[in-house]
Structures are given as C-alpha cells and as structure tokens.
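Input: a single structure, listed below in structure tokens.
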Amino acid sequence: MKWLICLSLVFVQAFAVTWTASADEHAAPIKMAVRTDTRPFIWKNTASDEFLGFYWDICTEAIYRAGYQVETVEISSAERISILNTGRTGPDDGRKATAKIASLKGELPAGSKAKPASTEIDFLCDPTTITLQRMRSFPIEKKTPILHFSQIVFVANSSFVKSKQGKDITKNEGKLPEDGPEPTCDCILPWIDHLGATARGEPSPAHSCKTPWWPEKTEEQADTSADDDATGTEGEPQTKQASFWDRFKIEFQFVPATPLQVKTEGPKDYEIWGYVEGSTIGDALNTLLSKPPRNRIGAKIVCSRSYTSHTAAARAFCNGNLSRYYGDLDIVQASLADQRNQTRTECAMDPAPSGTGRYEPYAFVISSREHPGLPEKIDLALYSMFQDGTIERLFAGHFPDTQMSDFLNTLFRINSIPAGTIVVEGAEDEQSDETAQN
C-alpha cells in the first residue's frame, strides 16, 4: 500500500510540473515583430500611435487563439533581415562594441544612445515571401531548425511603377558627362548624390567610386572661393572639371514639368530603379542588373538603389529620384497614395507593362526557441481562421475595392480545410466499412 501511495505522489508531482511548465510558457507574451510602413498589410497610424492593417488583425487573432498574449516589437527593414537570419533583432557588432566601451567608462560618446540588447523574436508579422533559400538558411540549434514558415497566407504580385512619360526627371534619368571615364553605377549614384548635396549647400557624401569625374573642392580651393566672395573680385579660372559641374548644376534643379519645360534632348544615358532592402524582388533586381549587358536598356545604363522603408522609397519616387519603384504592388500603390496625401501633390506614374509581375507567396515566420510548439499552435489557429471565414472577412474589410485574384481565391479555398468531427467512444463500431475507408 505504501508503494502505491508513493507512486501516486510521483504521478501528481509530474503532472504539477508539466502543468506549471505549460502555464509558465503561456504566461510569457509572444514578442511579435512589426514594421510601420507596409500598408495595407501592417502599418502604424502616427496620429493614434496604433498598428493597423490586414496582417495586424490576422496575427493578433492567431496568437490569441493559440492561447498567448502579444508584445509588439517595432522593427526596421534591416532588423527584419536580422530576424530572418538569427531569429533575433538588435544592434550590430559595431554598436554593441560602442555601447560596451561607453558602459565601462560610465558615459556615452557624444551623439550616441545606449542600444538595447538583442531581442528574441517569436513571431514576425510581416509580408515575407517564403523561399527555399530562406528556409535553408534558418538557424539550427541541437540539429533542429529554430525558425519555421507558417502555411502560405497570401499571394501577392510584385512588379513596379514607373515615372510618367514627359515628366521632368533630371534626377532619375539624365545625360552622363562626355568628358568622363566609362561610367559604372558605383560612380553614377555618388555623382547624383554629389549634385544634390552641392545644390543644397551640403558636403558631398562619402563614396566608393575609384575614378570620380566630378570636382571635389579642397580646403585651399574653398578658402579661395570665400575670399573671392568677400572682395567681389574674380578668382582664378576654373578647371575643366569645374566647368563640367557648371553645366550640370542647373540641369539637376528639379522643377515640376509644364508643357514649356519638357525637354526634347536626345536619349538618356542612365536610369535609376529603386526597391526596399531585404525584399526578394530587390534581390532579383540586383541579380538581373549585376553584369552587362543585362544592366542596360539599349545604350542606357540601369542602376539600382535600395531604401530602408517603403516610406523612403515612395518619397524618392514622387520627388523624381527614381525611374521605377519595385515591390509588392499593393504596398507600392498604398505607399504612393500615402505620400500624395501627406504632401498634397500628385505623384505622376504609369503602370507597369502587363506580364511583368512576380509570384510572391507570403507566410509568417515563427520561432520555437522560447516557446516550443508555437509554430504548430499558430498553424492550427491560422487554419481555423481560414476554415471559419475570418481571414476572408478581414480581406474584404481591408481591400474593399480589390477583386480577389483567382490565385488568392484558390489559396483561401485550399487553406479552408474541413473542421472534422470528434469520434465518440463506441462510435467506431457503428461506422460502415465505406466510411472507415474514407
């Protein structure tokens, strides 16, 4: 009898430990990483300081159905790349070193702020394309992948919008200097930055161009120029490079086009295409433009430029800095509309040619490092939301003027798996042979 009591106590203790572990796991909130600029999927309303969007509603509901609370972690596109590589976000090694040195001294360097330690992310609520390469590169600990993709929850079309023909686009398309060396994008992009900085009276930014053809004033030249301005006398004649700058300084000035201002000069020599860093279409674009002649349209050189957010890319496009703006068309068009609303100016563009889009299957990234079993629980919650029509209703609410594509409609039907029935004890004997075979 005594051994039976001891055995019962062991079972009770084991159950208590298991229940306590389960309770502790669900007591810790899910750290959900979100960006602020991927409208209409997820974005932040700056007026109310609240997150909104199709994905925000899906992610929070899925986490609640899985039995957890949510802790929001706001991230940048660069931090999103870190999450996909490690499951964590935080300062890079250089920032960590600076913060460590500063903490040892008891103070921070001027202009620096203490950076938080690397943050463990449990759930990435972001329009992230699922790819084989990303799945292969997920971190592995104890021979087990830590990050997991959920089932595909959305099918997007990535393409581009382009500057409207006839627009004065001297900043995203233009003529290269005839007296310069054979140009490359390593020199074209910093040359454009140099023109912009000089027009604003700012110093030229650092660059990696080995053979720059634009003038860069030395301290001695700057002093001479200042003396000339003070005395009103003419200085020494400018060099050949300086005369080149004079030719292009005025052309760079961006003025909204009118019928009298539209240029009729010959073909342009370069064109700038933009995208948001960390996107799959950006990777594809850089691969396409990596080597000649694929980086040319006829005799025109095409250069790509990355931006840290869709807000920055949309602003650059509307300001005339980009000939094309690449990304998920839903996000691109929403970002441009938001830019127009903020600036109260029209952002002229032409739609991309038909047939230029890329298939982009979106899935959530879930970590099992801190919450073992979380990926399976989220998958179950998402399938239940497809099955009961929740996700379809959310789509209709967030995309009221959008006709669901055949591909997206098919995906929603595939994910609406049957709810199934619970087998009651003794009901197995009553099932027919035909039912048992199904």
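Just so you know, all these numbers are worked out from the coordinates, no wet-lab data involved. Nothing here was measured: the structure is a model prediction, and the numbers come from that model. Positions of Cβ are generated from backbone atoms using ideal geometry, with glycine treated the same way; all protein chains shown enter the neighbour counts.
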Once you have the Cα-Cα distance between Lys210 and Glu74, take 0.36 nm times their residue separation minus that, and quote the gain in nm to one decimal. 45.1 nm
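For the peptides 386-396, 411-421, what is the packing order when you average, over each peptide's residues, the other Cβ atoms within 10 Å and list the highest mean first?
On the way: 386-396: 16.2, 411-421: 12.3.
Result, highest mean first: 386-396, 411-421.
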How charged is the neighbourhood of Glu120? Take every other residue with its Cβ under 12 Å from the Cβ of Glu120, and add Lys/Arg as +1 and Asp/Glu as -1. 0
³J(HN,Hα), Karplus 6.51/-1.76/1.60, whole Hz, each residue of region 378-383, x for Gly, Pro: 5, 4, 4, 5, 5, 4
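Grab the other residues whose beta carbon is less than 13 angstrom from that of Thr287, score K and R as +1, D and E as -1, and report the net. It would help to have the intermediate numbers written out before the result.
Numbers: positive: Lys291, Arg294, Arg358; negative: Asp283.
Here the count lands on +2.
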Between Arg296 and residues 5 or more places away or on another chain, the pairs with built amide H atoms under 5 Å apart involve Val302
In nm, to one decimal, how far is the Arg65 label point from the Ala299 one, both placed 7 Å along Cα→Cβ? 6.0
From the convex hull of the Cα coordinates of region 332-414, what is the mean projected area in square nanometres? 8.5
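Using R₀ = 25 Å, calculate the FRET efficiency as 1/(1 + (r/R₀)^6) where r is the Cβ-Cβ separation of Arg413 and Leu380; round to 0.05.
E(calc), rounded to 0.05, equals 0.85.
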For Val70, which sequence-distant residues (separation of 5 or more, or a different chain) have an amide H within less than 5 Å of its own amide H, given hydrogens modelled in the peptide plane? Ile30
Whole-Hz ³J(HN,Hα) for each residue in region 74-80, computed from phi via Karplus 6.51 cos²θ - 1.76 cosθ + 1.60 with θ = phi - 60°, x for glycine and proline: what do you get? 6, 10, 9, 5, 5, 5, 4
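Stretched out fully, how many nm does the piece from Glu141 to Phe399 gain, at 0.36 nm a residue minus the Cα gap?
On the way: separation 258, 0.36 × 258 = 92.88 nm, distance 3.99 nm.
Stretched out fully, the Glu141 to Phe399 stretch lengthens by 88.9 nm.
Run the numbers on region 272-368 and let me know its relative contact order in percent, using alpha-carbon pairs under 8 Å that are six or more apart.
Working: 97 pairs, mean separation 28.6, N = 97.
About 29 percent, as a whole number.
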Applying a 10 Å radius around every beta-carbon, put 289-297, 47-55, 374-382 in order of their mean neighbour count, most first. 374-382, 47-55, 289-297
List the residues whose amide H sits under 5 Å from the amide H of Thr119, counting only those 5 or more places along or on another chain, with H placed 1.01 Å from N in the peptide plane. Thr89, Gly90
Net charge over other residues, Cβ less than 14 angstrom from the Cβ of Leu394 (K, R count +1; D, E count -1): -2
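Work out, step by step, the length gained on full extension between Glu202 and Thr308: first 0.36 nm times the residue separation, then minus their alpha carbon distance; give nm to one decimal.
36.0 nm
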